[in-house]
1. Quick one: which of 424, 436 is over 30 Å from residue 342 (Cα atoms), touching a His at 6+ places or on another chain (Cβ under 6 Å) and open to solvent by 10 Å² or more (accessible area, probe 1.4 Å)?
2. So, in segment 225-258, exactly how many residues are at pLDDT below 85 and assigned to a strand (DSSP E or B)?
3. Can you find even one residue in segment 545-563 that is in contact (Cβ under 8 Å) with a residue 40 or more places away in the chain, part of a loop (DSSP other than H, G, I, E, B) and touching a strand residue (DSSP E or B) at 6+ places or on another chain (Cβ under 7 Å)?
4. Six or more apart or on different chains, Cβ under 9 Å: which pairs go from a residue in segment 140-153 that's within 12 Å of residue 168 (Cβ to Cβ) to one that's open to solvent by 70 Å² or more (accessible area, probe 1.4 Å) and of a type in the set (S, T, N, Q)? Could you list them?
5. Among the residues of segment 225-242, write down those that are surrounded by 23 or more Cβ atoms within 10 Å (Cβ to Cβ) and polar (S, T, N, Q).
6. What residue, of 144, 170, 158, is open to solvent by 50 Å² or more (accessible area, probe 1.4 Å), in a loop (DSSP other than H, G, I, E, B), modelled with pLDDT of 80 or more and out of contact with any Gly (no Cβ under 7 Å at 6 or more places or on another chain)?
7. Can you find, within segment 384-409, the residue that is most open to solvent (accessible area, probe 1.4 Å) among those that are assigned to a helix (DSSP H, G or I) and of a type in the set (A, V, I, L, M, F, W, C)?
8. Out of segment 499-516, which residues are in a loop (DSSP other than H, G, I, E, B) and either among the hydroxyl-bearing types (Ser, Thr, Tyr) or in contact with a Gly (Cβ under 6 Å, 6 or more places away or on another chain) (or both)?
Amino acid sequence: MRVSLAFCFLWLCFAAISFGQTFYGSIVGTVTDPSGSSVPQATVTLTNLGTAERRTAQTDDSGNYQFVNLVPGQYKVEVEKPGMRRLVREPIAVEVQSAVRIDVAMQVGDVSQVVEVTAQTPLLQTENAALGQVVEARKVLEMPLNGRNVLGLVALVPGVVPGGQSGTTPTGTNPFAWGNYQIGGGQSNQSAAYIDGAPINTSYINLTALVPTQDAIQEFRVQTNNLGPEFGRLAGGAINLTTKSGTNAFHGSAYEFLRNRVLNANTFFNNKAGVERPAFSQNQYGTNVGGPVVRDKTFFFFAWEGFRLRQGASYVYSVPTDAMRAGDFSNVRNSSGALVPIYDPLTTCGRFGNPGCAKDANGNDIITRSQFPGNMIPASRLDPAAKVLENYWAHSNTAGAPFTSVNNYTANASVGGNNDQYNARVDHNFSEKNRAFARYTYWTNLNLPIDPYKTQTCVDRCTEQFNTNQAVIADTHSFTPTLIGDFRFAYLRFSYDRLPLTLGYDLTKLGWPGSLNNQVVFQVVPSVNVTGYNGVWSTAGTGSRIIDRNDVYSFAPSLTKIWGGHTLKFGAEFRRNTHNYYQQNSPSGTFNFDSLLTSVNPFAAAGTGNGFASFLLGYGSGGGVTQNNLVAGQLLYRAYYAGDQWQVTPRLTFNYGVRFEQMGPWSERFDRMTVLLPGVPNDLSGPTGLSLKGKVGLVNTPDSPSRNNYHLGNLFAPRVGIAWRATDKTVFRTGYGIFWVPNDVR
């Protein structure tokens, strides 16, 4: 089914907003007289106590009023009606995505008489069936967080289960740890996150690309169940954060948090090896300031934070001894002290011109080899490449375990990095009917290489750096007191690089032909995996090269129409996701070595042979070279939603609606995608004379004219929910909905 442009145009022109995917709140209520009867046509004025922004509305025939699209903050409500005293209530706290009910009971009198009410804002959210919780400004600012990762506070919300490393500092962690939360029963990294209503999830497996600084966030809401039709592309819940904005008063702060190793103890293995206590220094500092540019009109807020971590991590490894490096295995023993014999693979019986093998009872060869004299490999047999690569292991600095010398190297390696983030926001009130804001955030991080051998080899990773840019522009316009539009443009770019320290390595140093330098995409030291000796040759460490560029362009237009007890909600969301990606963990190849090539029998080591001996001889057990291309992918997403928040009675709210989604499949800039064509004749049909169907083809060809290799249907997601306020302290909620996980999530 195709959605025509005309349909899209009409949808947007006659649509009304939702509160979802925005950080706005609302205030609703009913105005009554002393007898409890409704008061129609009363004038209700709402004032933002921080910015002096004002809005005016009239109560309907049932005495109801409603203000939507409110920036979170402190407000004042004033109600006037001829023949009654003017009532003023403040402060009213509006939180992100909250609906605050403020019912007003008027008193008979002159309008010049004022009744001032100071009361706490109701804590219960009674106007929506969605289940969630706000983490308010005080908790955001004052909760102690190691590394001050504000997303660590998500765990305060019932129904949220944090995963490994999710609440720690982003420095030194895997990027997928940042959104590693299970919300409302969903899987980790399958929820949605927004800052000021702008998405911060990329198409790189739904990665959360921005972790805002704690002092830049005003508050946030985690919705765990019964989400309205405004939300899509998730399984579980949604996190909606709002940044701070300026007010008519100047506010600011400066801070520094310091941790060091003074109270830290040394590790057991460091003490045993005589290695000193590892270094540790963590500095987190920043400043922020906000205030007016033009009083009552224009406001600004700016925040900067820096993070520096230097930490010594202890590593215990098994490395070849100096004697082994020279080919001397005369003292290589097992755990019981027995010599481990090393055999010459070129002496295998029945091979390489050697005498035949003895036979077993079934007539099969009994494979045997001759042991190297003195258990020593002659210098003339040492492989030239192995003699170069062995220098990437550090020399042992402890005796290790008895006989085996296992764990004979202990050292501290520097772990940590640098992290900086800048947030700048400007809000402007054009008039009582029009308000806009713009925000720009830049976040950069450098993770230092982990190199315990200090030979430019790495554990887990070498140098890793990323940066995130996000820009948001939003405009809210009140066409009438009951018709409000909101339009939001956002751009997100996430750049991620992993760089080997040996990038640009000349492969001719290994005695290999110079032509190989031109045949690999990136020249690095080859990855060598030797059984029994660990540490530096992991494919995720020494040679791993990643280039990742994610762009998310989003546009979310919407309107609100308040019609009696109904708040009609319609809107749309458009996203263009691009993903430019390359990853190769071993661009110069992977080479594996085990003990079988130097054991008495190549099929069963039986306590003989040694992986490092096989390595010195240059006899590998496997490996290979895989070359990947840089991929430039694109995904288009379109969604349209409709809903109604029907205030049936002051105590009963009915939410219902539907979301229609078109999750476009991936395309690639150069059409380098394969597609299964079950109905196309197979290329083997001609030579075989058979009528064979089915082949693997390429997109954007006569066999498959589409640029996509598969097609997704149109997805409908109905939503329904009920909220009933039994008492002022008890609310019952129930709901049902269908949610579709985006096709860039695995």
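The values are calculated or read from the model by the stated rules, or taken from the named source; none is laboratory data. Predicted model only: the values in this text are computed from it and were never measured. Glycine also receives a Cβ, built like all others from the backbone with ideal geometry; neighbour counts cover every protein chain displayed. Please note that ligands, DNA and RNA were not included when accessible areas were found on the heavy atoms of the full protein model with its side chains. Shrake-Rupley method; radii C 1.70, N 1.55, O 1.52, S 1.80 Å.
1. None of the other options fit; the residue is 436.
2. Count: 1.
3. no
4. The qualifying pairs are 152/146.
5. Within segment 225-242, 240, 242 meet the criteria.
6. 158 is the lone residue from the list that is open to solvent by 50 Å² or more (accessible area, probe 1.4 Å), in a loop (DSSP other than H, G, I, E, B), modelled with pLDDT of 80 or more and out of contact with any Gly (no Cβ under 7 Å at 6 or more places or on another chain).
7. 388
8. Within segment 499-516, 500, 502, 505, 515 meet the criteria.
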